[in-house]
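Structure record follows, encoded as structure tokens.
Coordinate-derived values only; no laboratory data. It should be emphasised that the depicted structure is a prediction, and the values quoted were computed from it without experimental measurement. Cβ atoms come from the backbone with ideal geometry, glycine included; neighbour counts cover every protein chain shown.
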Amino acid sequence: MKKQIKDMDLKELGGFICNALMAKDIHVVLSGGSCVEIYSRGEYTSWDLDLINQYNEQFKKIQTVMKEIGFTEQNKYFVHK
């Protein structure tokens, strides 16, 4: 059985999103506080994932993938209920 997004930790969620984007040939790199949280083993908490669009893919392609995996766009962020 596939794990629900609400049950994923930050590392799992990052992997899930990156894999979904990579499946559509969209390459992103994790950056910011979420990187620090993963590498510090939770010493610092970010509460979000900052992903850099590595090869300047069209934002519309990213929007489509994020919608397919259950995220909605609010302002400049993608959120999941």
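Just a few scattered comments:
- Qualifying GluC sites (Glu not before Pro) in the range 34-81, where qualification requires a DSSP coil assignment and no more than 12 other C-beta atoms within 10 Å, comprise E43.
- Think of the chain as a dipole: +1 on every Lys or Arg Cβ, -1 on every Asp or Glu Cβ, centred on the Cα centre; then among G42, L30, Q74, Q74 lies furthest on the positive end.
- In degrees, nearest ten, helix 59-68 long axis to first principal axis of the chain (Cα): 70 degrees
- Look at the alpha carbon pairs under 8 Å that are at least 6 residues apart: their mean separation over the length of the chain gives a relative contact order of 24 percent.
- Cβ-placed point charges (K, R +1; D, E -1), dipole of the chain about Cα centre in debye, nearest 20: 300 debye
- In nm, spacing of pseudo-spin labels at T72 and V36 (7 Å Cα→C-beta vector): 3.1 nm
- The chain: angle of helix 10-22 to the longest principal axis, Cα-based, in degrees nearest 10: 20 degrees
- Considering only Cα atoms, the convex hull volume of the chain works out to 103 Å³ per residue.
- Residue with peak Gaussian network fluctuation, the chain [Cα springs, cutoff 10 Å], from F16, F71, F59: F59
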